[in-house]
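Participant: The structure that follows is given in the form of structure tokens.
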Amino acid sequence: MRILISENKVEKLKNLIELKGMKKAVQLMGSFNNIVKVLGYEDVEKYIYQYLADTKYPDYGWQTHEDYKDEMGIYGLIQFFINDIEGYYINDRGTLDIKPWLWDELEELFDDYNWKRIFQQWFEDNTGLEVIRVE
């Protein structure tokens, strides 16, 4: 019986995240750590990745990987804006700098979970650029 209840709770939480979003799920569950306890790390990381994909993409969408490599070669720095506010940038040393407003938002939402590693993977997947360090 316990497994059935647990599976039902997992499915309800997944549905909640998919329908209402991560912020609402965290609010209703009391903390992100409570979501981790229910879903486990693997599922949680998929949802963090999806949250970034849905909400933190740059204004006007992503360019091609080749465009980013060309820009990096010309300028040595690429800035990414979210709703006309700089959210993050990468320099030619491979440092991905996340602006304080975005950093604080992600820290608050994801508690002490290592969202930076997932942000790095999401960024690399979308730009084709290698990130050495996230700051």
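The values are calculated or read from the model by the stated rules, or taken from the named source; none is laboratory data. Please read these numbers as outputs of a predicted model, since none were measured by experiment. Every residue, glycine among them, receives a Cβ derived from its backbone with ideal geometry; neighbour counts consider all protein chains shown.
Participant: I'd like the full set of residues that are among the aliphatic types (A, V, I, L, M) and over 19 Å from Ile98 (Cα atoms), limited to segment 63-84.
Facilitator: Ile74
Participant: Further question on the same structure: Taking segment 28-60 as the search range and keeping residues that are outside any helix (DSSP H, G or I) and over 15 Å from the mean Cα position of the chain (by Cα), which one is surrounded by the fewest Cβ atoms within 10 Å (Cβ to Cβ)?
Facilitator: Tyr60
Participant: Select from segment 78-116 the residues that are assigned to a helix (DSSP H, G or I), touching a residue at least 12 places away in the same chain (Cβ under 8 Å) and either farther than 17 Å from Asp54 by Cα or of a type in the set (Lys, Arg) (or both) and list them in ascending order.
Facilitator: If the condition is that a residue be assigned to a helix (DSSP H, G or I), touching a residue at least 12 places away in the same chain (Cβ under 8 Å) and either farther than 17 Å from Asp54 by Cα or of a type in the set (Lys, Arg) (or both), then Trp101, Lys116 are the ones that fit.
Participant: Looking at (1) under 16 Å from Gln120 (Cβ atoms); (2) among the small types (Gly, Ala, Ser); (3) not assigned by TED's automatic domain parsing to the domain that holds Tyr113, which is the one condition that is false for Gly30?
Facilitator: Going through the list (1) under 16 Å from Gln120 (Cβ atoms); (2) among the small types (Gly, Ala, Ser); (3) not assigned by TED's automatic domain parsing to the domain that holds Tyr113, Gly30 breaks only (1).
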